[in-house]
């Protein structure tokens, strides 16, 4: 019986740049950063208050998961902003929005009240988009 | 053009600027009174707003940032005494006491543990990388 989700993968164009974005800008915590052969590392980060969910920052490179053709196609799709990988939650969306914006994070939608809560949309350094949400208090 | 209209934008920006000031200057002697003076007329009002947003007073937040940065340095194998001064503490005693309270172990115990974890990763990466990916990479158990 399945009990939990432990890992999810986000496909990124460059792990060094993704590290900077997810750790230094978003403020996620590094869980594992293990070398895995030349030019490749096993890099997972976790939301600060959810250390049991590892987000794997998986580089789109030939050889791991992708053939050469798939890697090229995937790179194009990722940078075009095709993929939305999920929703991050925060206590105070206006403060979080202002902070991330000050750190250079690109928002495609500022915080807006929706029927399900307040939501903003932003992009990571590769082009993937995420929703940022705050439940109504 | 993205419109930015939510209540109290101005106040939010001031508090966020104060938070980022702490993030960027935690290693210096920060006088939190100055931050309050610059941000608002009333120190009381500033602290209340800061706490409402970050669930900590500016002072508590500064301490947390310093200890988190200390953990980063220790993970990067920086010596305990050097770490202590790098993150803005003036005495090893107060650093160790606060570190222990937040991290649950002393800085030296934490440093040692991180060194052990690193050695373990280098020796047997498969303990840390899910097998499915290791196999795709052509890494088999027997190689290690």
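Each reported figure results from applying straightforward, stated rules to the coordinates on display, with no laboratory input. For clarity, every value in this text was computed on a predicted model and none was experimentally measured. Here the Cβ positions follow ideal geometry from the backbone for every residue, glycine too, while neighbour counts run over all protein chains shown.
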*Could you work out Rg/(2.2 N^0.38 Å) for region B:9-143, with Rg from alpha carbons only?*
1.42
*If you line up the long axis of helix A:68-79 against the longest principal axis of chain A, both from Cα atoms, how many degrees apart are they, to the nearest 10?*
20 degrees
*Working out 0.36 nm times the residue gap between residue A:79 and residue A:46, then minus their Cα-Cα distance, what length gain in nm do you get to one decimal?*
9.6 nm
_FRET efficiency estimate (nearest 0.05) - Cβ-Cβ, residue A:69 to residue B:25, R0 41 angstrom_ = 0.25
*Evaluate chain A: find the radius of gyration of its Cα atoms, find its Kirkwood radius, and give the ratio Rg to Rh.*
0.98
*Counting only other chains, what is the mean number of Cβ atoms within 10 angstrom of the Cβ of each residue in peptide A:90-103?*
5
*Express the Stokes-Einstein translational diffusion coefficient of the protein assembly as shown in µm² s⁻¹, to the nearest whole number, given a Kirkwood radius over alpha-carbon pairs, 10 °C and a viscosity of 1.306 mPa s.*
75 µm²/s
